[in-house]
Amino acid sequence: MSPSERSGERSTRQKRDLLAVLQSIDRFMSAQELHRFLTEQGSTIGIATVYQHLRRLTQTGEVETSVGDDGETRYRMCPATGHHHHMVCTACGATRDIGSDLVETWARETAARMGYSLSEHVVELRGLCPSCQGSR
């Protein structure tokens, strides 16, 4: 049972369709991209409903977000559990989960050196994936 189902939120066909798309992709997609994909597959889901479901799925932790260079929020279901970071291709959007003890150590030490009590950090590495490097 998903976190949103445990909270009493009912599962609609539109939500199940959105979840199916999110589970099938390996990259972050904007709400507009997700909506377009769903409607091309025959769904009658409205863009406002896509945003509503994405907001709830993000709040329950079922979906994570990334803000692109253009400032637009993108979404995906993350197979990784626990705290981690991302390597995102700036051309195709392919995303890989990465973990690094070095990043964690650096974040804690930097915060302490500056007198901060670290509550969270986000590290996202961006570049070209091997496929996109080869096509350029």
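The values are calculated or read from the model by the stated rules, or taken from the named source; none is laboratory data. Since this is a predicted model, take the numbers as computed values, not measurements. When we count neighbours, we look across all protein chains shown, and the Cβ atoms used for this are built from the backbone with ideal geometry, even at glycine.
Scan the stretch 109-123 and tell me whether some residue there is within 28 Å of residue 22 (Cα to Cα), modelled with pLDDT of 85 or more and surrounded by 11 or more Cβ atoms within 10 Å (Cβ to Cβ). Write out each step before concluding.
Of all residues in the stretch 109-123, those within 28 Å of residue 22 (Cα to Cα) come to 120-123.
Subset that is modelled with pLDDT of 85 or more: 120-121, 123.
Remaining after also requiring surrounded by 11 or more Cβ atoms within 10 Å (Cβ to Cβ): 121, 123.
Yes: the stretch 109-123 contains one or more residues that are within 28 Å of residue 22 (Cα to Cα), modelled with pLDDT of 85 or more and surrounded by 11 or more Cβ atoms within 10 Å (Cβ to Cβ).
So that you can scan it fast, the table gives a plain yes or no per residue for (1) more than 13 Å from the chain's Cα centre (by Cα); (2) within 22 Å of residue 15 (Cβ to Cβ):
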residue: 39; (1), (2): yes, yes
residue: 59; (1), (2): no, yes
residue: 85; (1), (2): no, no
residue: 91; (1), (2): yes, no
residue: 103; (1), (2): yes, no
residue: 112; (1), (2): yes, no
residue: 116; (1), (2): yes, no
residue: 136; (1), (2): yes, no
Number of the condition not met by residue 91 [criteria: (1) of a type in the set (A, V, I, L, M); (2) under 21 Å from residue 24 (Cβ atoms); (3) not in a loop (DSSP other than H, G, I, E, B)]: (3)
Failed condition for residue 66, given (1) closer than 16 Å to residue 122 by Cβ; (2) among the small types (Gly, Ala, Ser); (3) surrounded by fewer than 17 Cβ atoms within 10 Å (Cβ to Cβ): (3)
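In contact with a helix residue (DSSP H, G or I) (Cβ under 8 Å, 6 or more places away or on another chain) and not acidic (Asp, Glu): which single residue out of 73, 110, 105, 95 fits that description? If you could, list the steps in order and put the result at the bottom.
Working: 110 fails: in contact with a helix residue (DSSP H, G or I) (Cβ under 8 Å, 6 or more places away or on another chain); 105 fails: in contact with a helix residue (DSSP H, G or I) (Cβ under 8 Å, 6 or more places away or on another chain); 95 fails: in contact with a helix residue (DSSP H, G or I) (Cβ under 8 Å, 6 or more places away or on another chain).
Criteria check complete, one pass: 73.
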Within the stretch 1-47, tally of residues that are over 20 Å from residue 78 (Cβ atoms), at pLDDT 90 or above and either of a type in the set (Lys, Arg) or assigned by TED's automatic domain parsing to the domain that holds residue 93 (or both): 1
